[in-house]
Amino acid sequence: MDKQALPWLLEEENPSVRYFTLIHLLDRPEDDPQVAEARDAITNSKDVQAIFARQNPAGWWDTPERATGIKRASGQLLILSQLGVPANERTRRGCEFVLSKPWLPTRRPVCIVPCYTANCLRFLAYFGYGDDPRVEQGWRAMIERLERDDGLVCWYQKQRPCHWLAVKALWAFAAAPAAQEIHAAMTRTAEALLSHPFDFTGEEAHWLRFGFPWYFQSDLLDALEALAACGYTADPRFRALAHHVVDKQQANGRWLKEAGSTATRIERKGQPSKWITLKALRVLKKMKEAKMVDTTLAGACGLYCGACGIYRMYKDKDTERLEGTAREVFHCQPEDIRCEGCRGPFDCLWTPDCRFKTCTQDQGITFCYECMDFPCEELVAFSADRRDIPLSNLRRLAEVGLNAWLVEQEARWRCPACRKPVDIYSETCRACGAPLPH
């Protein structure tokens, strides 16, 4: 990570940027004295106090008639959440005001666009309303919409897919409580954004004008942060897009603010921006830390090795599980259970005589879906014993390709609570004990 800008970002004048720099760029814990001091200073900072000064005691901003708009309750709460303001009585009154007004996607009697719902979900979850029964309707509406083929089609974009909506939705999904079944909708939305052929030299050049804050609009840096929050930093397409961020860095290690809402001014356009610099360095740091997709974890049969019980107990060094499995299942020594993945080293492969691996090698293909006899009776039976996951995975592999599929699988087989890797057979996370939805 380029450290030229760190002393500037750590200046006490902007406690929000200082706080996020400490925890996100320098990996300081929340109980670090400097982190605690910066966090406590956020609410009394100039930008935050200016926002609260405009709030009515009843919870609204600008008008009691509606909450839509960046100058009104939804926009001000969205900004406060991004500034790192902790939940308090003022934010509670604001959230209650937003929930008292129409906020779910609809065209009549009042037009509420899905971008607005996604923005609301993001700050409502941040301020502790993610599990509120009233908010459950919002999660359900966004999930149902974005699982559809036309989920990104926007009424205001001449019935074309709106990639600003994709960014807003990903930010919302990243904040979703563990109980929400967001995976399919999140995957479809991320794929739409990553696979979109951006015309950065033409009509989509505005994506390269970085700004803060945003409301309905967005930029590439905001999109990359949302994708990173959803676990897509290892995707090669993410890395290709991130090169545009690197290209915009100034010689002094900073980035300029070129856009963003003019209704709520935070920093000046055309000047070096602490917020844009922080966001850019966060993206680049996460990308550097992310492992590239591991192609050794794709089985010929469609199983993802990262979620295999054998692979997990070996890689996680789960001594108790290794000993129990060796003694009760395979009648061998624990050290005999070794596996680096179906496409890994032959001498560290749990099933070197796998019939699907042998069959595909004999035919000169990589995966069973490439076979003229797909799906054969043997594969159908094998898949049925595993909740039909292999066949479903093979069809998805054929649809999106190996790299994208591996990114999806890596994100799918993680505990929704602690984000540690899990296997397909466990009903609870072995790291934190949370129930697993699969």
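The values are calculated or read from the model by the stated rules, or taken from the named source; none is laboratory data. Keep in mind the model is a prediction, meaning the values are calculated, not measured. As a convention, Cβ positions derive from the backbone with ideal geometry for all residues, glycine included, and neighbour counts pool all protein chains shown.
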(request) Would you check if Trp207 is of a type outside the set (S, T, N, Q), part of a helix (DSSP H, G or I) and farther than 15 Å from Met287 by Cβ? (result) yes
(request) Hand me the list of helices (runs of 4 or more DSSP H) wholly inside region 358-438 holding 2 or more residues that are at pLDDT below 85. (result) 389-400, 402-412
(message) Among the numbered criteria (1) outside any loop (DSSP other than H, G, I, E, B); (2) farther than 24 Å from Ser74 by Cβ, which one does Leu278 miss?
(response) (2)
(request) Would you mind telling me which numbered condition in (1) surrounded by 13 or more Cβ atoms within 10 Å (Cβ to Cβ); (2) in the same structural domain as Gly302 (by TED's automatic domain parsing); (3) closer than 16 Å to Gly299 by Cβ; (4) of a type outside the set (Ser, Thr, Tyr) Gln361 fails? (result) (1)
(message) Which numbered condition in (1) under 27 Å from Thr189 (Cα atoms); (2) over 26 Å from the mean Cα position of the chain (by Cα); (3) β-branched (Val, Ile, Thr) is the only one that Val400 fails?
(response) (2)
(request) Could you grab me the full set of residues in region 151-178 that are touching a strand residue (DSSP E or B) at 6+ places or on another chain (Cβ under 8 Å) and without any contact (Cβ under 8 Å) to a residue 40 or more places away in the chain? (result) Val153, Gln159, Arg160, Pro161
(message) So for region 241-259 (the condition being touching a Gly at 6+ places or on another chain (Cβ under 8 Å) and in a loop (DSSP other than H, G, I, E, B)), does at least one residue qualify?
(response) yes
(request) Of the conditions (1) over 26 Å from Leu402 (Cα atoms); (2) at pLDDT 90 or above; (3) among the charged types (D, E, K, R), Glu225 clears all except one; give me its number. (result) (1)
(request) Collect the residues in region 56-68 that are assigned to a loop (DSSP other than H, G, I, E, B) and out of contact with any Gly (no Cβ under 6 Å at 6 or more places or on another chain), keeping them in residue-number order. (result) Asn56, Pro57, Ala58, Trp60, Asp62, Thr63, Pro64, Glu65, Arg66, Ala67, Thr68
(message) Exactly one condition in (1) of a type outside the set (Phe, Trp, Tyr); (2) surrounded by fewer than 16 Cβ atoms within 10 Å (Cβ to Cβ); (3) on the phi < 0 side of the Ramachandran plot; (4) over 23 Å from the mean Cα position of the chain (by Cα) is false for Ser273; which is it?
(response) (2)
